[in-house]
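Written out below as structure tokens is the structure these notes cover.
The values are calculated or read from the model by the stated rules, or taken from the named source; none is laboratory data. No experiment lies behind these values; they were computed from the predicted model shown. Positions of Cβ are backbone-derived with ideal geometry, glycine not excepted, and every protein chain shown enters the neighbour counts. Each accessible area value is taken on the protein alone, full model and side chains, heavy atoms only, with ligands, DNA and RNA left out. Shrake-Rupley method; radii C 1.70, N 1.55, O 1.52, S 1.80 Å.
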Amino acid sequence: MTKAEIISEAFDKIGLPKQDAEELVEMILDTIKQTLKQGETVKLSGFGNFVVRKKNARKGRNPKTGQEIEITPRSVVSFRPSMIFKEHVIESAPAQ
């Protein structure tokens, strides 16, 4: 699902004008981005948590050459789904 599709869902389900639905979605996403940028966790009850984690420097290997390289420390964003979210996705997942 794309951001445009999320905007269309908000437009269809809430009945907001398309422009207002787009502004609402953009505002929510910007708030999440700014909160994560400040190093804070975003907790969405029944959905999950977005967490900024620090990764330490480590040794890696260039897969093409096999040469060992130093990977610099950095921050990464991870998502931890809630149990409710996991159960919902597992329940409704099509059988394979």
Q: Output yes when any residue across segment 44-57 is part of a helix (DSSP H, G or I) and among the hydroxyl-bearing types (Ser, Thr, Tyr), and no when none is.
A: no
Q. What number of residues within segment 7-21 satisfy the criterion of being open to solvent by 80 Å² or more (accessible area, probe 1.4 Å) and either at pLDDT 90 or above or among the charged types (D, E, K, R) (or both)?
A. 4
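In segment 2-43, which residues are outside any loop (DSSP other than H, G, I, E, B) and of a type in the set (S, T, N, Q)?
Of everything in segment 2-43, those that are outside any loop (DSSP other than H, G, I, E, B) and of a type in the set (S, T, N, Q) turn out to be Ser8, Gln19, Thr31, Gln34, Thr35.
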Q | Of all residues in segment 47-69 being under 21 Å from Ile32 (Cβ atoms) and surrounded by fewer than 10 Cβ atoms within 10 Å (Cβ to Cβ), the one that is farthest from the chain's Cα centre (by Cα) | A | Lys54
Q. Residues in segment 53-67: is at least one in contact with a Pro (Cβ under 9 Å, 6 or more places away or on another chain) and polar (S, T, N, Q)?
A. yes
Q) List pairs: first in segment 30-41 and under 9 Å from Val52 (Cβ atoms), second in a helix (DSSP H, G or I) and open to solvent by less than 90 Å² (accessible area, probe 1.4 Å), Cβ under 9 Å, 6+ apart or cross-chain? A) Thr41/Thr35
Q | Scope segment 22-46; condition in contact with a Phe, Trp or Tyr (Cβ under 9 Å, 6 or more places away or on another chain) and open to solvent by 50 Å² or more (accessible area, probe 1.4 Å); matching residues | A | Glu22, Thr41, Lys43, Leu44
